[in-house]
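One structure is given here, and the rest of the page talks about it.
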Amino acid sequence: FDSEFAYEKDLQNFLVKNLDKIEEGLKLYDDGDINGVEFPAGNRRIDILAVDKENRLVVIELKVSRGHDRTLGQIQYYIGWIKQNLAVNQGVRGIIIAKDITEDLRMASSVADVELREYSISFSLMNVK
């Protein structure tokens, strides 16, 4: 049994609680006033803003099904906004997480500092009686 999350919010909620599944040492951005869930970037919102173990800011863009090449423009906007408005002497990078990464997105991201990840979910039942 293999499926996908029905809604992006479900994927987001799962990953916020399990950031270590994306990358060891990843923590949700939190400055005391605002955290990294639906982080405001201009008049848009970043799905998840995190900080890695080297103190770099990590912009995470989620696509519940297909990640198309236009997703790269979206995450690059967010990375640029974070670099100009939030990052203080720290690196900024991006991760796109989708059920399916298209070849167009693979090609477009090959010249950008953006990692691509495909997710899969599974469900199992076990008899207990």
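The values are calculated or read from the model by the stated rules, or taken from the named source; none is laboratory data. It should be emphasised that the depicted structure is a prediction, and the values quoted were computed from it without experimental measurement. In this analysis, Cβ positions are derived from the backbone assuming ideal geometry, glycine residues included, and neighbour counts consider all displayed protein chains. With ligands, DNA and RNA removed, areas are computed over all heavy atoms of the protein, side chains included. Shrake-Rupley method; radii C 1.70, N 1.55, O 1.52, S 1.80 Å.
What to note about this one:
- Scope the stretch 53-62; condition over 9 Å from the mean Cα position of the chain (by Cα) and open to solvent by less than 50 Å² (accessible area, probe 1.4 Å); matching residues: Leu57
- Filter result (part of a loop (DSSP other than H, G, I, E, B), in contact with a strand residue (DSSP E or B) (Cβ under 6 Å, 6 or more places away or on another chain) and either over 18 Å from Ile96 (Cβ atoms) or open to solvent by 10 Å² or more (accessible area, probe 1.4 Å) (or both)) within the stretch 21-51: Leu26, Tyr29
- Answer from Gly42, Gly67 - the residue that is at pLDDT below 95 and in contact with a Ser or Thr (Cβ under 9 Å, 6 or more places away or on another chain): Gly67
- Among residues that are hydroxyl-bearing (Ser, Thr, Tyr), open to solvent by 30 Å² or more (accessible area, probe 1.4 Å) and within 17 Å of Phe14 (Cβ to Cβ), Ser110 is not included.
- Residue in the stretch 77-86 that is over 21 Å from Glu8 (Cα atoms), open to solvent by less than 20 Å² (accessible area, probe 1.4 Å) and touching a Gly at 6+ places or on another chain (Cβ under 8 Å) present: no
- Restricting attention to the stretch 113-129, the residues that are surrounded by fewer than 18 Cβ atoms within 10 Å (Cβ to Cβ), assigned to a loop (DSSP other than H, G, I, E, B) and under 16 Å from the mean Cα position of the chain (by Cα) add up to 2.
- Which listed residue, of Gly67, Gly94, is surrounded by 17 or more Cβ atoms within 10 Å (Cβ to Cβ), touching a residue at least 40 places away in the same chain (Cβ under 8 Å) and within 12 Å of the chain's Cα centre (by Cα): Gly67
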